[in-house]
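Peer 1: I am attaching a structure below and will ask some questions about it afterwards.
Derivation of every value follows stated rules applied to the coordinates shown; laboratory data play no part. Since the model is a prediction, treat every value here as computed from it, not as a measurement. Ideal geometry is used to build each Cβ from the backbone, glycine not excepted, and the neighbour counts take in all protein chains shown.
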Amino acid sequence: MDNRLFFHATERNRESIGEVLSRILLTRGYILEIGSGSGEHGVIFQKCFPEITWQSSDPELIHRKSISSWIDHEELNLKMPQPLDINVEKIPWEIPSELLLYIQGIISINMIHIASWNCTKSLFNESGKLLKNGQFLMLYGPFKIGNKHISQSNELFDISLRMQNKSWGVRDLGEVNKEATKNGFIEEELIGMPANNFSVIYRKVSL
Ligand SMILES: C[S@@+](CC[C@H](N)C(=O)[O-])C[C@H]1O[C@@H](n2cnc3c(N)ncnc32)[C@H](O)[C@@H]1O
């Protein structure tokens, strides 16, 4: 059965995210994606970076079915593992031993503002335990800088998020960085992206 979902934002942001990944991805090992959604990013990046293994995950069954369908559709079954059921707040994350051994980095695209603040804390906490020194955690999405929105459209987006769920909202980069520091990460690079988004590369620097 074809359970593929189509998230239109992925069409708009995949190229620019791919450019960032091409600079930071190593040529082998596993990348764990948290909150993969439809799975479109996963199959695209798996094809762009064939030397690595892209491990998608999502807590929603409908999303994991979509990811599996995308893997089938793109004939990546021999290369890409099936998605994991990871809810960042349910700790410890259940991680297969191969991923544990060969993980190189963690990526989460447009997740932390559509989840509670506790999810950001758990994301850094668990990532800090999984990753070794020198490995990265990359976030992509809208952020406030100095507790201020960088555009009116981000401010309106933030209001609409909070109306849907009061625990959601565009996060302040400074607050996110505090969680990073607590868990042994430094903000290595902040990259301005199209449509008032950022990619943030955190590097693990201590155990
Ligand atoms: C806006 S979608 C983004 C999906 C995909 N990354 C993309 O950019 O198209 C947010 C995703 O975060 C996932 N998510 C929400 N809460 C989560 C949690 N507690 N742990 C992990 N993922 C979560 C949702 O299921 C959804 O797939």
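Peer 1: How far apart, in nm, are the 7 Å Cα→Cβ label points at V205 and N87?
Peer 2: 3.5
Peer 1: Another question, then. Provide the gained length on full extension for the span N196 to K182, in nm with one decimal, where the gain is 0.36 nm per separating residue minus the Cα-Cα distance. Before the final figure, lay out the partial values.
Peer 2: Values: separation 14, 0.36 × 14 = 5.04 nm, distance 2.70 nm.
Residue separation times 0.36 nm, minus the Cα-Cα distance, leaves 2.3 nm.
Peer 1: Let me ask you something else. In the structure shown, do any of K47/K79; K90/K204; K47/K121 have a Cα-Cα gap over 20 Å, and if so which?
Peer 2: On the way: K47/K79 10 Å; K90/K204 22 Å; K47/K121 31 Å.
Distance filter (> 20 Å) returns K90/K204; K47/K121.
Peer 1: Take W93, W70, W117 and order them by how many other Cβ atoms sit within 10 Å, fewest up front.
Peer 2: Details: W93 21, W70 27, W117 16.
The most exposed by this proxy come first: W117, W93, W70.
Peer 1: Continuing with the same structure: From the phi of every residue in the stretch 75-82, what ³J(HN,Hα) in whole Hz does the Karplus formula 6.51 cos²θ - 1.76 cosθ + 1.60 yield, where θ is phi - 60° and glycine or proline is x?
Peer 2: 6, 10, 4, 7, 10, 9, x, 5
Peer 1: For F7 and E19, compute 0.36 nm times the residue count separating them, minus their Cα-Cα distance, and round to one decimal in nm. Working shown, then result.
Peer 2: Details: separation 12, 0.36 × 12 = 4.32 nm, distance 1.96 nm.
Gain on stretching F7 to E19: 2.4 nm.
Peer 1: Hey, how many Å between the Cα centroid of the stretch 1-53 and the Cα centroid of the stretch 57-73?
Peer 2: The stretch 1-53 and the stretch 57-73 have Cα centres spaced 13 Å from each other.
Peer 1: Taking 8 Å as the Cα distance limit and 6 or more residues as the minimum spacing, I'd like the relative contact order of the chain as a percentage.
Peer 2: Values: 371 pairs, mean separation 38.3, N = 207.
RCO, the chain: 19 percent.
Peer 1: Neighbouring Cβ atoms within 10 Å as the yardstick, rank V43, V205 fewest first.
Peer 2: Numbers: V43 24, V205 13.
Ascending Cβ contact count within 10 Å gives the list V205, V43.
Peer 1: Looking at the chain only, what percent of DSSP beta bridges run antiparallel? Nearest 5 please. Before the final figure, lay out the partial values.
Peer 2: On the way: 15 of 31 bridges.
Bridges in the chain that DSSP calls antiparallel: roughly 50 percent.
Peer 1: Using only the alpha carbon atoms of the stretch 8-204, find the Kirkwood hydrodynamic radius as the inverse mean reciprocal pair distance, in angstroms to one decimal.
Peer 2: Working: mean 1/r = 0.0592 Å⁻¹.
Its Kirkwood hydrodynamic radius stands at 16.9 Å.
Peer 1: Using a simple spin-label model with points 7 Å from Cα along the Cα→Cβ vector, what separation in nm is obtained for I114 and I62?
Peer 2: 1.1
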